[in-house]
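Read-outs: derived from the displayed coordinates by stated rules, not from any lab. Keep in mind it's a predicted model, so treat the numbers as computed, not measured. A quick note on method: Cβ atoms are made from the backbone with ideal geometry, for glycine too, and the neighbour counts reach across all protein chains shown.
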Amino acid sequence: MSKSIEGKKKRLKIIRKLADNLRNLEICNVYLPDLHLDNVLVTEKENLIFLDFDKAKQVPISKNDMERMFWRLHRYADKMEKHGDITFDINEKTIFLKRYKKLSGYDMAPRMAKKIRKKRFFSKMGWFIEAKLFGGKK
């Protein structure tokens, strides 16, 4: 098997595990408002370790809470892509949402699809303002 196919399979496995872990956090009523990819470590055995629980709360989790965590993750992934640190294809994002749907019974994709343009616009505006105020990448 080629290295690129092997790498793709590994990425998809990790994406599924991320959805699994987020569902487990939801079941345990753990809300992570500052969830982003730099707060998730992947071990050599492809297990995930979540970091930075300082803003976490243990409260009953609503679908809106899960959607907010997914948007936070999405914004951060977009920012990483913008800076050339990583890229995600639509298939990988779809697999993540389908896995979550399979585990939770809740299809987040239609809600998120309706909001994607508006969310991306505000994210880009925020990055621009951040770059102007604090310097760095736009």
Legend entry - Projected label distance in nm at Thr94 and Arg111, using a 7 Å step from Cα toward the beta-carbon: 2.2
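Determine the alpha carbon to alpha carbon distance for each of Lys13/Lys98; Lys9/Lys98; Lys10/Lys102; Lys55/Lys115; Lys10/Lys115; Lys13/Lys114 and list only those over 18 Å. Kindly include the intermediate steps, with their values, before the conclusion.
Working: Lys13/Lys98 13 Å; Lys9/Lys98 16 Å; Lys10/Lys102 20 Å; Lys55/Lys115 25 Å; Lys10/Lys115 30 Å; Lys13/Lys114 27 Å.
Too far apart for the 18 Å limit: Lys10/Lys102; Lys55/Lys115; Lys10/Lys115; Lys13/Lys114.
At 0.36 nm per residue, and after removing the present C-alpha to C-alpha distance, how many nm does the segment from Lys9 to Phe53 gain when stretched out fully?
Working: separation 44, 0.36 × 44 = 15.84 nm, distance 2.91 nm.
Residue separation times 0.36 nm, minus the Cα-Cα distance, leaves 12.9 nm.
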Legend entry - Dimensionless Rg ratio for region 3-134, taking C-alpha atoms and the 2.2 N^0.38 Å reference: 1.07
